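For reference, the structure discussed in these notes is given below.
Read-outs throughout are calculated quantities, based only on the coordinates presented, and are distinct from any laboratory measurement. The model shown is predicted, which means the values in this text are computed figures rather than measured ones. Counting neighbours? That spans all protein chains shown, and the Cβs are built from the backbone with ideal geometry, glycine included.
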Amino acid sequence: MSDLLIAFLSLLLAGLRMATPMIFASMGGLMSERSGVVNIALEGFMLTGAFIAAVVAYYSHSAWAGWAMALAAGSLIGALYAFFVIELKADQIVTGTAINILTVGVMPFLTKILFNSTGSTPGIALEDRFSFEPTVMAFVLVAGVAYWFYETHSGLWLQFAGEHPEALSSAGVSVRKVRWFSVITSGALAAMGGASLSTFLASSYSPMMTGGRGFMALAALIFGRWKPLPALAACLFFGVTDALQIRLQGVAIGGVEVPVQFIQILPYVVTIIALAGFFGKSEAPKALGKVL
Amino acid sequence: MKRTFAGFALGLVIALSLTSLAGENPFHIAGILYNSAFGSRYDLGLTLFYTTPLIFCGLSVALAFHSGLFNIGGEGQLTMATLTAAAIGVFLPNVPFPLAPLLALAGALAMAGFWGFVAGWLRAVRGSHEVIVTIMLNFIAAGLASWFTLRVIPNPNSQNPETALVGAGYFLKDYDLVAKFFPDTPVSAALVIAIFVAICVWVLLWKTTFGYELRVVGANPDAANRAGISEKKIRIWAMGLAGALAGFVALGEVMGSAGQFKVGFSADYGFIGIAVALLAQNNPIGVIFAAFLMGALHKGASDLDLETTTITRDFSKIIQSLIILGVASHGLWVWKTRTKGKKRQS
């Protein structure tokens, strides 16, 4: 019995680790989407953060420096996205897709210049990597976002920007500025998620290492009804599914070995079932995707 | 139209300027791109080979877009289709020629249509956002395809992740004038069929009742409801059809050239299809030309690995994304005049 308990606890712990990048990204998504800007660029933001953190941590031998630079780079690419969708009124999904493709193209361009490699960065030494800190920070972040969201004036502004932008502007607050702030923060947070991927879960940046986690973070957000704590719960659920997926590889159920690919697609199937509202309906912010 | 071209040019120029950061001469890079895309009959053949799937994927995105949906799932749909066509060809190797490719194509279209239908149904009936659902379906398709290829019908003569070859009756090549005109390239009659399908989609959208209803649903769902058009039904059909259009990719890949499904054969055709539809402003005829442009860029970039020391073929992704951004920024022109106006005031 205690074996089972240990196995269960270690699964939970692994799930917690796997959920960490998604928690950051879904908080980023929350910022952007609650302010009314659809954000499928989370994947690209994460990839950017993962890359910058790995490069900086490699050169500086400090995961914290990598983390800080990832935050800065995430803000920058968030600002780029904000410029296109808020100022130039470009379609949010088209622009998000373009940002995702752009990051996939830019990273090999940079690794070729920096390391003469076609995509990956050199490994970061174990002592230069995080051991548990990102997971703690992720939880602190969720608490902070929830408090800020529901207990402060500026948090309320953000909610209004996504629900009733007209009401906000008639109260004398610039919806444009609120959205700019939210999208930039979104980039920074998602990049931190990426950074925890390359300096915490793995030891370097490799191409496409996010593997759809940005989209899953978005799904967790929708699953969590665009609210911080339920979104956290959804991320943890996806994290445990992800950990289970790794545990189940090579395990035979009823004498038949389950193909590894079937287990790998498990999180995606769960996401679709969640999105289909079979666990309850979720309602998007009213002004989500509406251009000013 | 002018703005689309301007956006395209802007994206291309910015992308090329970036190469100077890597110590390359942008004009030199532009020359490589041009030569590699159109330099010889062989190069042009390859460009047209890439154009073919891009036409289908562009049509897929465009058709869904007219119904107000975003089909970002072309990649999963074409994967399922190509796998299905290869599977039919492997399991039924002795089917004779005219019947064989038709059978494989029918299977491919049905499977891809189903893949699109799932997303359309979930959107119409359960309200799940089609963008996330189709992205998840892309990952699921990739997983299933990898399993089926490696475990069920692997190629016994190769270490690569690819299926066994289909029966001889499935190949178009003996009857294929396009392939004969471009010897040694994988381009096939699928190109002609792509152009034909584009015309069909144009007719469907603008000359049929269904097309009219589809466009009404996309333009104004409320008006559609009042006119008695079922928004749900139209959207489910639109996604199913969009899936099937992406599924046509199997034709050029399996019957036209490779004769098998290879894991990773698609150079993100499904995603570049978005750029194609955007460039063409969702006009099916425009899709043909936009696909040719994007195909040329893709082929052009493939030689960057050899011709330069610092720029790799991934550079095509940078060009494509910047072109999407350039074309998508309709507000650019408004924004420019607005900031000009501000300056005048101050």
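With each run of n ≥ 4 DSSP H residues scored as -39500 (n - 2.57), what mean residue ellipticity at 222 nm is computed for the protein assembly as shown after dividing by its residue count and rounding to the nearest 500 deg cm²/dmol?
-22500 deg cm²/dmol
Which trypsin sites (Lys or Arg not before Pro) does the stretch A:194-283 hold that lie in a coil by DSSP with at most 16 other beta carbons within 10 Å?
A:Arg225, A:Lys281
Which of these, A:Ala54, A:Ala167, A:Ala65, has the largest mean-square fluctuation under a Gaussian network model of chain A (Cα springs below 10 Å)?
Evaluated over chain A, the most mobile residue of the options is A:Ala167.
Going by how many other Cβ atoms sit within 10 Å of their own, how do B:Thr163, B:Thr309 line up, fewest first?
Least crowded to most crowded, the residues run B:Thr309, B:Thr163.
Could you put A:Ser198, B:Ser257, B:Ser230 in order, starting from the residue whose Cβ has the fewest other Cβ atoms within 10 Å?
Least crowded to most crowded, the residues run B:Ser230, B:Ser257, A:Ser198.
Pick out, in residue order, every one of the trypsin sites (Lys or Arg not before Pro) in the stretch B:226-280 that is DSSP loop and has at most 16 other C-beta atoms within 10 Å; say none if there are none.
none
What do you get for trypsin sites (Lys or Arg not before Pro) in the stretch A:129-210 restricted to DSSP loop and a cutoff of at most 14 other Cβ within 10 Å of the site's Cβ?
none
Mind running the shape call on chain B? Use the C-alpha gyration tensor, a ≥ b ≥ c as the square roots of the eigenvalues: rounded below 1.5 for a/c, prolate if a/b tops b/c, oblate otherwise.
oblate
Count the net charge of all other residues whose Cβ sits under 14 Å from the Cβ of A:Pro122, scoring Lys and Arg as +1 and Asp and Glu as -1.
+1
Rounded if a/c is under 1.5, else prolate if a/b is larger than b/c, else oblate: which is the stretch A:18-60, with a ≥ b ≥ c the root eigenvalues of its Cα gyration tensor?
prolate
Label the stretch A:33-148 by shape, choosing from rounded, prolate and oblate, from the square roots a ≥ b ≥ c of the eigenvalues of the Cα gyration tensor; if a/c is under 1.5 it is rounded, and otherwise prolate applies when a/b is larger than b/c, oblate when it is not.
It is oblate, given that a/c is not under 1.5 and a/b is not larger than b/c.
Relative to the longest principal axis of the C-alpha atoms of chain A, give the angle of the C-alpha long axis of helix A:213-223, reported between 0 and 90° and rounded to the nearest 10°.
Here the helix axis deviates by roughly 60 degrees.
For a quick check: sort A:Leu88, B:Leu59, B:Leu245 by the number of other beta carbons within 10 angstrom, fewest at the front.
A:Leu88, B:Leu59, B:Leu245
Longest span of chain A, sites excluded, free of chymotrypsin sites (Phe, Trp or Tyr not before Pro) in DSSP loop with at most 16 other C-beta atoms within 10 Å?
Answer from the scan: A:133-277.
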